[in-house]
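The values are calculated or read from the model by the stated rules, or taken from the named source; none is laboratory data. Every value quoted in this text rests on a predicted model; they were computed, and no experiment measured them. Positions of Cβ are backbone-derived with ideal geometry, glycine not excepted, and every protein chain shown enters the neighbour counts. The area values use the complete protein model at the heavy-atom level, side chains included, leaving out ligands, DNA and RNA. Shrake-Rupley method; radii C 1.70, N 1.55, O 1.52, S 1.80 Å.
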Amino acid sequence: MMQLTKPTSTPTASLVSAARERSGVARFLGELHRNRLILLLALPGLVLIFLLKYVPMFGIVVAFEDFRAQTGFFSPWVGLDNFRLLFGSPVLWRIVRNTIILNTLFIVVGTIAAVGMALVLNEIAQPLLRKLAQSIMFLPFFMGWTVVAMMLYGFFDYQSGMVNNLMQSIGLERFSFYEQPNLWPGILTALHVWKTTGSGCILYLAVLVGIDTQLYEAAEIDGASRWQQMRFISLPLLVPTVILLTLLAIGRIFYGDFGMLYAIVGSNALLYPTTDVIDTYIIRALQTTTNFGMSTAVGLSQSVLGFICVFGSNWIVKKWSERRGEDYSLF
Amino acid sequence: MASKLSRRDMLRLMGLAGAGVLAGCATPETIIQTVEKTVEVEVEKTVEVEKLVEVEVETVVTATPRPEGPKVITYVDSAGFGVPQYRETINPIAEALSEKMQSEGVNLELRVLLLDDPNTEYPLLYASGADFTFAFDAPWKNMNALRDQGYLRPLDDLVGDYPNIVKAITPEVIEYNYMRGHLYGLPTGFYVASHSAGHVVYRQDLAEKYGMYPLKTMDELELFLEEVKNNEPGMIPFGADPTFNTFYLGAAPWSWYQPEEYPAKYGYNPGNAMIGAGIEDIIREKLTYVDSETQDSFRAQAERARQWNEKGYVNKDMLQMLEVNAFDEYFNPGKCAAITYNEAILKSKLQIQPALQSYVPEGKAAGFDENQSRAGGSIAFAVFKQWNFQVFNANSALEDTKAGLEFFDWLLGDQDNIDLWLMGVDGVNYKKLDNMRYEDLPDVDGTTNYRRRWYVAGVPGRFERVPADASDEFLEVLEYITNPEYHLPNPLELYEPNRKVVETELGQMDAASKEATLPLVAGQLDPVAGIAAYTQALDDAGRQEVKAIFQEELDTWITENEATFTDQLQRAQTKFAEWEAGPHADWLESRK
Amino acid sequence: MRRSKLGERLFAGANYTVVTLFTVFCLLPFYLLVISSLTDQKVLQLDGYSLWPRKFSLEAYKWVLRGKPVLVGYQVSTFVTVVGTFLSVVLMCGVAYALSVKKFKFRNQLSFYIYFTMVFSGGLIPWFITCRNLGLYDNIWALIVPMLMNPWWIFILRNYFNGLPGEIMESAVIDGASDWTILTRIVLPLSMPVLATTALFVAVGYWNDWWHGVILLDFADFRPLQVIILRIINSIRAIRQAMAMEGGGALAISSAQIPAKSIRMAIVVVTIGPIILLYPFVQRYFIKGLTVGSVKG
């Protein structure tokens, strides 16, 4: 990529004239030349991406090797052997299912909450309340999962949890939250919403405040209620951003929220039926072997699967938005 | 209009940025240095981009010798293993050691690299080809993986050249710590039976209140737990967490105590923890791998955990918080009355009671020898295979490894050197007393003060000083767990299974076993159903196949080493027969 | 003209209720956090969390702020955050703008080039080796450069640029404005809300980053705040582990002396502090976005 873009920084007359010819390469170079200023702006960033993201990708080869210190990236070839750890796992179905279910819940509920909150906040006319609410909602974003887990334990613990103390004081039986796997997708989703809504809605708010106020004024004159304005002006304008963020999230759908699950579920095996995801399982399995070939193989699998998903969704979005005369697709 | 306004805004943003930089740089010298460095780097970068590579080479090379001056050896220290976390406390000691070495003609400079996240960084350093000299490594099972990936330098041909090392560690311990034909680190032998100092810590003051002190058997412990349950509202009788749990008292996963099977079960049992199986009975020559859960001890533990859970003796939710253990959560604040811990008798008085008393002033902690091995109630295999090693990086130059060994040779040649390495500076970090005793200084903060336990120091424990106020029981326990005479020789201890060939299966079994064991440990599951799930999970992960492979390997090993194996086995059997025949109590009497 | 006043009022009322409730929902744990960080460790251990302060104690903060490392950490983190955020936003704007210019035919391929790195990565070791070879090791740039380009925010910026009214730009092109002029005079001024948002999140990312400090700094004598914090947490664990070690004997440290629980709470409060101060500043631009957006032509 870098080699291809390099000639454009020193365009010559011959190149420019060549661009007028029909050949594909020439057309490509011509296009680059026409947009040289744009490319020049983008170049530092693109080079950085190449150096820090693309160069290390040679390491993917380790997924097919028995990695050893002495031979490094030219270690003995073992084919797909490293992939057995994940794909040969007796609990493969469970961990893949949990990963997808939890991520889907997070994406769907999280997006609805963030969009909803942005729309509602946008309606708050009182500047002080609006500012205050926005600032406070942003706070959970800073709390590490370790601290969240500790406080959650303070709430739900059987012996000393606040909830159980409360239930006992009103004459109810104590309830063991940490032994009920079915509750946890819900609890985890709630935590996700709590932690990300405040920060997520800022993004949508940024779009909303950018909307031309004349649109609303016109709607007002036409007699649209605030609700209708929200429904028919604000919401549609958020669609591209929603689609973009969802597409971006889908690419990582096979990656579990490791930080969250490791801190909150940890070694509580009774909850694994609904909360054990690919990442937590692999960490458990590789704790004592630290085999980089195997961990690379797992990461590669997660990437490829996610990539297939995002490719599919992107195609759907492209078709759908084309019919509306727009292009919301990622690429 | 729009652009004007926003340009001003952008200027403001940049102003803020500048102000931030100034604020960041304004104060102490350290940050000024930082910024100076930054500027230098920046200048280098902007002037000549190609120079980057050269700059890089220079930074990497810094760890290797400078033209003149002492040879630098880099020690990767896994903070957290009995080592203080702060560089501020470690660096002065490293400097003092270097100074002392150089003044005595050993031209080395010790640099300590303290990793912030050893779990990630440590294997990463190896894999990326970093050339540090040596590192502390534990435990045994992680070392296997590093060894299998070729990260560790074998010391077989080297260690013999360093007489002080061989003398201190002893040829016997060195021999026992060969793994599959090679010595992959300096072992630090001392305890040969760390299990025998008991596993239960309990509230002595409560036991006294009920007239039950001292507790001697498991039955008495259960009666004590019942009393606590009935008399101390809100207190959990027995605290359980994933690390130190009720199974720690029993069979799985590490083959602890069970009187009737005890000699067969305790000791180094190859492959045991990794595969949910162990060798059935070495003493009675039943040398086949059997599934852990088929053993009575495993079932007994699961049933006990369940009973305790149902009777309300243990906490209902397994403690699962990161960085929190049942001690801090339950025992110290006086929320539970008993708990599992290794070397309970030693630690109950040394560490636990003071911690307890800071919450519960009248509280007293005691440990008890629930397997009664010191009293002669059981006997077990001695353990010469160590958990803790100083390992040498195979990426570094051979000269570096030699320099590292030279350091240990110098260190182990003189108790003063060892004291400096383990205790710090006399009068600053501790007060040196006669007879290998020491005293902590008043006004010294125990958490930041320099201290290094023998097992993370490459120094056998007998060179470690003992606190001045150590009790008689403490010394008695110490003597018992460090003297091989009280234990059986283990004929299988030199055998080591080849884990590399079944690496994937071991990983899957590890994951399965963690999932299946912990609910049993907390008694959260009915033992029958829980054990069935355990069997299923491990067998699905390939346990039977791995067992077959290990078995074949073991049989081959025994055939190949028949003479030594038989000799050792006979010695163990003789000693065991003596123990079985003799009145156990006499043994205890004889030691008094 | 107006629709039912009652309906409007109900609607407004519902909005206020939702915002207030969710705000309280978000504030409650944080309130608990602050209260706990100010509570005596023993009380916290014995009675657990509570909604009102009990035995007041600043002990946890004394532990967190002990010594020079925290101060230095603050300065390193401030420097990294300010410089990193500025560079990051500038570079990402450049890329995002190229992706948004409709006349640039290869913008889709370029999007893909960027997106691909979001899903695929070479893994830890090759990345680490690459960073070391680029000189991003044991110096302050190791904390800044690896985080400069974030595909996520590039796409957010691109999307926002895409959504700007095309007519303005078209007319500018007709007036003979260069891409540079369009970007600096039209696109960026109109994009204040999203630039502010991006800057905020990038800044938070830099401020909260401990990973690069842990992995890419070894012998350097400075560390960002988050690494210092990590060390403080780890030293509590270190002591515990020492006690839990195989064959530990005479390590006479009383772990109860360390206010472990409240320290973790205090750490969060201490690290959030400065970045929260940034928030109201950034917030101005969300509000201002309204007026900027209405200024047309």
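Averaged over peptide B:390-397, how many Cβ atoms belonging to another chain are found within 10 Å of each residue's Cβ?
Average per residue, whole number: 1.
Going by average Cβ density within 10 Å per residue, which order do the peptides C:5-13, C:206-214, A:225-233 take, highest to lowest?
Listed from highest to lowest mean packing, they are C:206-214, A:225-233, C:5-13.
Across peptide B:338-344, what mean number of C-beta atoms from other chains lies inside 10 Å of a residue's C-beta?
Rounded to a whole number, the mean comes out at 2.
Quick one: putting +1 on the C-beta of Lys and Arg, -1 on the C-beta of Asp and Glu, what dipole do you get for segment C:54-125 around its Cα centre, in Debye to the nearest 20?
With Lys and Arg at +1 and Asp and Glu at -1, about 180 debye.
Is there a pair in B:Lys286/B:Lys575; B:Lys402/B:Lys547; B:Lys100/B:Lys431; B:Lys167/B:Lys432 whose C-alpha atoms are over 28 Å apart, and which pairs would that be?
B:Lys402/B:Lys547
Can you figure out the FRET efficiency of B:Lys431 with B:Asp472, using R₀ = 35 Å and their beta-carbon distance, to the nearest 0.05?
0.95
Whose amide H sits under 5 Å from the amide H of A:Tyr158, counting only residues 5 or more places off or on another chain, with H placed in the peptide plane?
B:Asp317
If A:Cys309, B:Cys336 are ordered by their accessible area, calculated over protein heavy atoms with a 1.4 Å probe, which sequence runs from highest to lowest?
Accessible-area ranking of A:Cys309, B:Cys336, largest first: A:Cys309, B:Cys336.
Take chain A, compute every pairwise Cα distance, and split them into 10 Å bins from 0; I just need the percent in each bin.
Spelled out bin by bin, chain A gives 5, 16, 22, 24, 19, 10, 3, 1, 0 percent.
Take the Cβ-Cβ distance between A:Leu37 and A:Ser225 as r, set R0 to 41 Å, and report the resulting FRET efficiency rounded to the nearest 0.05.
Efficiency for this residue pair is about 0.30.
With θ set to phi - 60° and the Karplus curve 6.51 cos²θ - 1.76 cosθ + 1.60, what are the ³J(HN,Hα) couplings of segment B:115-132 in order, to the nearest whole Hz, using x for Gly and Pro?
7, 7, 10, x, 4, 8, 5, 4, x, 5, 4, 4, 5, 8, x, 4, 10, 5
Can you list, largest first and rounded to whole Å, the semi-axes you get for segment A:181-310 by taking the square root of 5 times each eigenvalue of its Cα gyration tensor?
42, 18, 11
Once amide H atoms are placed 1.01 Å from N in the peptide plane, what residues at a sequence separation of 5 or more from B:Leu114, or on another chain, have their amide H within under 5 Å of its amide H?
Long-range HN contacts for B:Leu114: B:Asp77.
Between B:Asn107 and B:Val166, what length in nm is gained on full extension when 0.36 nm per residue of separation is reduced by their alpha carbon distance?
Here the answer is 19.1 nm.
Given H placed 1.01 Å from N in the peptide plane, which residues other than close sequence neighbours of A:Ile124 have an amide H under 5 Å from its amide H?
It is none; the list stays empty.
So, with +1 on the Cβ of K and R and -1 on the Cβ of D and E, and no other charges, what is the size of the charge dipole of chain A about its Cα centre, to the nearest 20 debye?
For chain A, the charge dipole is close to 740 debye.
Using the basic label-point model (7 angstrom from Cα toward the beta carbon), what is the A:Val239 to A:Leu132 distance in nanometres?
3.7 nm
Going through the cross-link list B:Lys216/B:Lys349; A:Lys53/B:Lys514; A:Lys195/C:Lys105; B:Lys347/C:Lys55, which pairs have a Cα-Cα distance over 29 Å in this structure?
Violating the 29 Å Cα-Cα cut-off are A:Lys53/B:Lys514; A:Lys195/C:Lys105; B:Lys347/C:Lys55.
Could you rank the peptides B:387-399, A:270-282, B:549-561 by their average count of other C-beta atoms within 10 Å per residue, with the highest value first?
Order by mean packing, descending: A:270-282, B:387-399, B:549-561.
Rounded, prolate or oblate for segment C:20-159? Axes are the square roots of the Cα gyration tensor eigenvalues, ordered a ≥ b ≥ c, and the cut-off for rounded is a/c under 1.5.
prolate
Between B:Glu208 and C:Leu71, what's the calculated FRET efficiency when r is the beta-carbon distance and R0 is 41 Å? Round to 0.05.
0.25
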